Amino acid sequence: MKKILVIYTGGTIGMVKDNKSGALLPFDMSKIYEALPVLREFNCDLDSYRFDPIIDSSNMKPEYWIGLVEVIEKNYNNYDSFIVLHGTDTMSYTASILSFMLENLNKTVILTGSQLPLGMIRTDGRDNIIGAVEIASSDLVNIPEVCIFFEDRLYRGNRTTKINAEYFEAFYSGNYPSLAKVGINISYKKNLFLENPTKEFKAFKKLNDNIVLIKIYPGLKENYFRVMLSMKNLEGVVLETFGSGNAPTEDWFISALQEAIENGIIVYNVTQCKEGSVVMGHYETSAHLAEIGVVSGYDITTESAIAKLMFLLGNYDNKAEIIDMLTMPLRGELTNN
Ligand code: ASP
C-alpha cells in the first residue's frame with residue numbers, strides 16, 4: 001500500500017462553506033477522508049500536513065517555497081509520493097521552483113487545486129484530488145518528477161502556465177505533451193517521463209530573488225527600461241521578448257542591455273508566445289541580443305525561467321556555469337535543439 005503525504009498550502013480548493021454563516025472557510029484537511037470517502041477505495045494511505053500559514057497562492061514567495069521543500073525533505077523517506085494542494089494562480093511557479101529545488105527526485109510530486117472550492121456542488125476540486133490520488137498511488141508507474149494534475153491531464157509542472165481564470169481547463173503546456181490523460185482509463189505516456197535518477201535525492205534550500213521580469217512591448221520607454229536595469233543588487237533579468245526572441249534594435253535598448261550585462265547581470269531571453277522557442281539570430285532583431293551576451297531560454301516558460309534564475313543564482317557562484325545551466329534542460333524544462 002502506497003503512503004502519500006497531502007500537503008495543503010491553501011487556495012480555493014481547500015475552502016468549504018460554513019453551515020452557520022455561509023462564508024467560505026479553510027477546510028480541515030485532516031478530515032480528508034470524511035470530505036471524500038471515495039478516497040478509501042484507493043490502495044493507499046493518506047496523511048495530511050497543513051501549511052502554516054495557509055495562503056492564497058497570490059501571496060506565495062521564496063520563503064514559503066523553502067518551507068514547502070523542508071516539509072518534503074523531512075518526510076521524503078516516509079512517503080512514496082506527495083500531493084500539494086495549492087491555489088491555481090501561482091501553481092505553475094511553485095511547480096517550477098520545486099522541480100529545481102528537488103534534485104534527483106525519484107518519487108512523484110503532484111500539485112493540484114481547483115477553480116471552484118471543494119465545498120461547492122459543481123467543484124472541480126473533487127475530481128482533481130481523486131485523479132491526483134489515483135496517479136500518485138498507482139502501481140503501474142512511478143513518475144519521478146514534479147507534476148500538475150488538472151481537469152483531465154497530468155503535466156510536467158515546469159512546462160505549464162495558467163491560461164484560464166474561468167473554465168476548469170486552466171493549465172496549458174504548449175511546448176511539452178501531457179504525461180498522462182484521464183478518460184475511462186488513465187493513459188500514461190511513459191516515454192515522456194523524466195528518467196529515474198541514478199544519484200541520491202538532494203533538497204536545495206537557497207533561493208536568490210534579486211531578479212526582475214521585464215516584458216517588452218511596443219512603446220517601452222528608455223528611461224523606464226534603464227531604471228529597471230539599474231536597480232540595486234539586481235543579478236538577473238528574465239526578458240520576455242516577441243516571437244522567436246525578438247526585441248527592438250534601437251541603440252538605446254541594446255546599449256542599456258549591454259551595460260547591464262557588462263555589470264554582471266544575467267539577461268535570460270524567453271518568448272511571450274505560449275508555443276515555440278527563442279531562436280536568437282533567426283531575425284536581425286534577435287541577432288544583436290546574442291552578440292551582447294543575452295542568454296537564450298529556448299522554449300522555457302516565463303514561470304520556469306524565473307524559478308530557474310532564482311534557483312541557480314541562489315546555489316551556484318560561477319557565472320559561466322550558471323549561464324551554461326540556463327541553456328540546458330536540468331529538469332526537462334526546456335528543449336534546446
Ligand atoms: N486566488 C486563488 C489562489 O491561487 C485562486 C485559486 O486557488 O484557484 O490561491
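The values are calculated or read from the model by the stated rules, or taken from the named source; none is laboratory data. Just so it is clear, the structure is predicted and the values come from calculations on it, not from any experiment. So basically every Cβ, Gly included, is an ideal-geometry build from the backbone, and we count neighbours across all protein chains shown. We work out accessible area using only protein heavy atoms, side chains counted, and drop any ligands, DNA or RNA first. Shrake-Rupley method; radii C 1.70, N 1.55, O 1.52, S 1.80 Å.
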Residue pairs, from the table Lys162/Lys189; Lys2/Lys107; Lys107/Lys199; Lys107/Lys189; Lys107/Lys190; Lys3/Lys31, whose Cα atoms sit over 19 Å apart
Lys162/Lys189
Evaluated at 20 °C with a viscosity of 1.002 mPa s, what Stokes-Einstein diffusion coefficient in µm²/s does the chain have when Rh comes from the Kirkwood expression over alpha-carbon pairs?
103 µm²/s
Calculate for the chain the 222 nm mean residue ellipticity that helices alone would give, adding -39,500 (n - 2.57) per DSSP H run of length 4 or more and normalising by residue count, nearest 500 deg cm²/dmol.
-8000 deg cm²/dmol
Counting only DSSP beta bridges with both residues in segment 111-251, what percent are antiparallel, rounded to the nearest 5?
65 percent
Heavy-atom accessible area order for Glu250, Glu262, largest first, 1.4 Å probe:
Glu262, Glu250
Return one whole number: the accessible area per residue of the chain in Å², for a 1.4 Å probe.
46 Å²
Ranked order, Met15, Met231 - accessible area, probe 1.4 Å, largest first
Met231, Met15
Sort Tyr79, Tyr64 by heavy-atom solvent-accessible area, probe 1.4 angstrom, most to least.
Tyr64, Tyr79
Sequence neighbours fewer than 8 away in the same chain don't count; with that in mind, list the aspartates and glutamates whose C-alpha is under 15 Å from Lys215.
Glu240, Glu303
Antiparallel DSSP beta bridges within segment 60-192, as percent of all bridges there, nearest 5:
60 percent
Within the accessible area of the chain (1.4 Å probe), percent carbon and sulfur
47 percent
Please identify which residues in segment 160-189 have an amide N closer than 14 Å to a label point set 7 Å out from the Cα of Arg122, following the Cα→Cβ vector.
166-169
Quick calc: nm separation of the 7 Å Cα→Cβ label points for Glu63 and Ser255 -> 4.2 nm
With a 1.4 Å probe and all protein chains kept in place, how much accessible area does Asp89 have, in Å² rounded to the nearest 10?
80 Å²
Antiparallel bridges, percent of DSSP beta bridges restricted to the chain (to nearest 5):
35 percent
Show me the trypsin sites (Lys or Arg not before Pro) within segment 138-221 that DSSP assigns to loop and that have at most 14 other Cβ atoms within 10 Å of their Cβ.
Lys189, Lys199, Lys205, Lys206, Lys221
Suppose each label sits 7 Å from its Cα in the direction of the beta carbon; what would the Glu275-Leu24 distance come out to in nanometres?
3.2 nm
Let me know the volume per residue of the alpha-carbon convex hull for segment 184-314, in Å³.
164 Å³
